[in-house]
Amino acid sequence: MGIADRLVNAEREHSSFVYVMAGIAALNGLLFGFDVGVISGALLYIDQTFTLSPFLEGVVTSSVLVGAMIGAATGGTLADRFGRRRLTLAGAIVFFVGSFGMALSPTIEWLIAWRVIEGVAVGVASIVGPLLISETAPSDIRGALGFLQQLMITIGILLAYVVNYAFAPEFLGIVGWRWMLWFGAVPAAILAAGTYFLPESPRWLIENDRIDEARAVLSRVRGTDDIDEEIEHIRDVSETEAEGDLSDLLEPWVRPALIVGVGLAVIQQVSGINTIIYYAPTILSNIGFGDIASIVGTVGVGTVNVLLTVVAILLVDRVGRRPLLLVGTGGMTVMLGILGLGFFLPGLSGVVGYVTLGSMIGYVGFYAISLGPVFWLLISEIYPLRIRGTAEGVASVFNWGANFLVALTFLPLINRLGEGPSFWLLGGFCLLAFVFIYSRVPETMGRSLEDIEADLRENAMVGPDQERSPDPASND
Ligand code: BGC
């Protein structure tokens, strides 16, 4: 166990401020999730105002993903330069303005342009929340606090489903889709107001030689003035390293972390979660459920996603990241196998229909305890301090890029292969994910970010071989 582990874990009773801080930073996830969830509902009504070809429909949906790639690509570097807190505020303001922009769009071109801008804020939100949390949280609860961002994503998706339902099709003579898209301004305003109470990351402050401010933040989040050794430790790590840039990511000693971050980014998407999040109602009605049953089923999927994320929060600092990932991807593989099989059996209604629905819900549950939250957490933990923001941005760009590719190719894939084989293909990706995680992904539970970085330097981040027993003191 490293010195920082001991220091951080010595403080068993965490100050309530650290929870407040993580809760506010995690509101970034609310913007992200709301945007993911809202568009499927809004799309149903946008054609009341604009003429929408299937192609334009695809563009309206995926434009936010293009913006998110831009936001993630630039957000990490901006977070390293201007700080995590200021970037959170900037993202919230862009999202707020973007929500009004989308709602008031006079033409479809304006709507698409505003969705790209909104996407930039979503891309920024996807990285800055986890970054701020992981850099401020005590290591024994860093997993649980980091998962709050994913919890907010899932709550955002559910909130969007409810808003879609509440505003359809029209309210006060204004078509429903405008209200739905406008509603994003509400979580954005809450996040912007929250940043007033949000501290800057102490690690970023130290990296920028603002030691007194770092000391003030750290003693507040740790609930003690006994923080000198921790400050010294972070300072040592930051002083031995010059300011990093993208090329540092390719250095041999950083490569294992790069492979893990980018690998998990792609895996999280090609394992198919958004095919279910976006197309659950369509799949359910194909199976033979009526309209209302399909909506209830979709809300059910969203609710399971939220509840199992809560379960993951309770587990992550006790069982570790790797067991969650392995159980989750194993379970997802089995569930997709059953889901695919359902489409080969005669008569999807009746028992087969319920088994299919059950496998869909099971799949989302396994995702919610594994790839959903663990990906965003790990990419905020495994990179060296001086390039943490930039490197996390790179992983996030790959995530949004893979999301974009899956969104573009899934429906054509179903048309070509049929539903059963398409879900089996996704199941095949989950199996590969299992193997990748088993052989490559390190355990970071209960360790300080500086010790994780030391492992990387010593070339010790090599998956299961690196697995070590966590600090017993951190798991009581
Ligand atoms: C993923 C999103 C997905 C969401 C579903 C997130 O971790 O990055 O693409 O829509 O989980 O809960």
Residues other than A73 with Cβ under 15 Å of its Cβ, Lys/Arg counted +1 and Asp/Glu -1, net out at -2
Calculated from DSSP helices alone, with each H run of at least 4 adding -39500 (n - 2.57) and the total divided by the residues of the chain, [θ]222 nm to the nearest 500 comes to -25500 deg cm²/dmol
Using all C-alpha to C-alpha distances in the stretch 16-137, build P(r) with 5 Å bins and read off the rounded percent in each one.
2, 12, 21, 22, 16, 11, 8, 5, 2, 1, 0
For the chain, with only Lys/Arg (+1) and Asp/Glu (-1) charged at the beta-carbon, what is the dipole magnitude about the Cα centre, in debye rounded to 20?
1420 debye
Could you tell me which residue out of Q150, I273, I295 lies farthest along the dipole of the chain toward its positive end? Charges go on the beta carbon: Lys and Arg +1, Asp and Glu -1, centred on the Cα centre.
I295
Quick check: at a probe of 1.4 Å, how many percent of the accessible area of the chain sits on carbon and sulfur atoms?
68 percent
Mind putting together the pair-distance distribution for the stretch 144-237? All Cα pairs, 5 Å bins, whole percent per bin, short to long.
3, 11, 14, 14, 12, 11, 9, 8, 7, 6, 4, 2, 0
Directionally averaged shadow of the chain, computed from the convex hull of its alpha-carbon atoms, nm²
21.2 nm²
Normalised by the residues of the chain, what does the relative contact order come to in percent, with Cα pairs under 8 Å and at least six apart?
25 percent
So, in Å, what gap is there between the alpha-carbon centers of the stretch 318-367 and the stretch 57-74?
29 Å
Order by protection proxy (mean Cβ within 10 Å, highest first), peptides 215-223, 246-254
215-223, 246-254
With Cβ to Cβ distances under 14 Å as the rule, what net charge do the other residues near P187 carry (K, R +1; D, E -1)?
-2
Net +/- balance of residues flanking V316 in space, Cβ distance below 14 Å, scoring K and R +1, D and E -1:
+1
Amide H contacts under 5 Å for A137, placed H, 5+ residues apart:
none
For the stretch 227-286, the Kirkwood Rh over every pair of distinct alpha carbons, in Å, works out to 15.5 Å
Beta carbons within 10 angstrom, averaged per residue: use that to sort the peptides 167-173, 387-393, highest first.
387-393, 167-173
On C-alpha positions alone, give me the angle between the axis of helix 108-136 and the longest principal axis of the chain, in degrees, nearest 10.
30 degrees
Over the stretch 7-81, equivalent-ellipsoid semi-axes from the Cα gyration tensor in Å
39, 17, 8
Other-chain or far-sequence residues with amide H under 5 Å of M445's (modelled H):
R321
Between the helical axis of 84-103 and the dominant principal axis of the chain, each derived from Cα atoms, what acute angle in degrees is found, rounded to the nearest 10?
20 degrees
In Å², what does the accessible area per residue of the stretch 242-364 work out to with a 1.4 Å probe?
39 Å²
Give me the accessible area per residue for the stretch 42-163, probe 1.4 Å, as a whole number in Å².
34 Å²
Counting only residues 5 or more apart in sequence or on a different chain, those whose built amide H sits under 5 Å from that of E170 are G176
May I ask for the percentage of alpha-carbon pairs in the stretch 278-372 that lie more than 17 Å from each other?
51 percent
Expressed as an acute angle from 0 to 90° and rounded to the nearest 10, what is the orientation of the C-alpha long axis of helix 350-368 relative to the principal long axis of the chain?
20 degrees
With unit charges on the beta carbon (Lys/Arg positive, Asp/Glu negative), name the residue among A168, P138, G223 whose Cα is farthest towards the positive pole of the charge dipole of the chain.
A168
Rounded to the nearest 10 Å², the accessible area of R210 using a 1.4 Å probe with every protein chain kept is 80 Å²
Give, to the nearest whole percent, the P(r) tail of the stretch 284-442 beyond 26 angstrom, counting all Cα pairs.
33 percent
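The values are calculated or read from the model by the stated rules, or taken from the named source; none is laboratory data. Just so you know, these numbers come straight off a predicted model, no measurement behind them. Note that each Cβ is placed from the backbone with ideal geometry, even for glycine, and that neighbours are counted across all protein chains shown. With ligands, DNA and RNA removed, areas are computed over all heavy atoms of the protein, side chains included. Shrake-Rupley method; radii C 1.70, N 1.55, O 1.52, S 1.80 Å.
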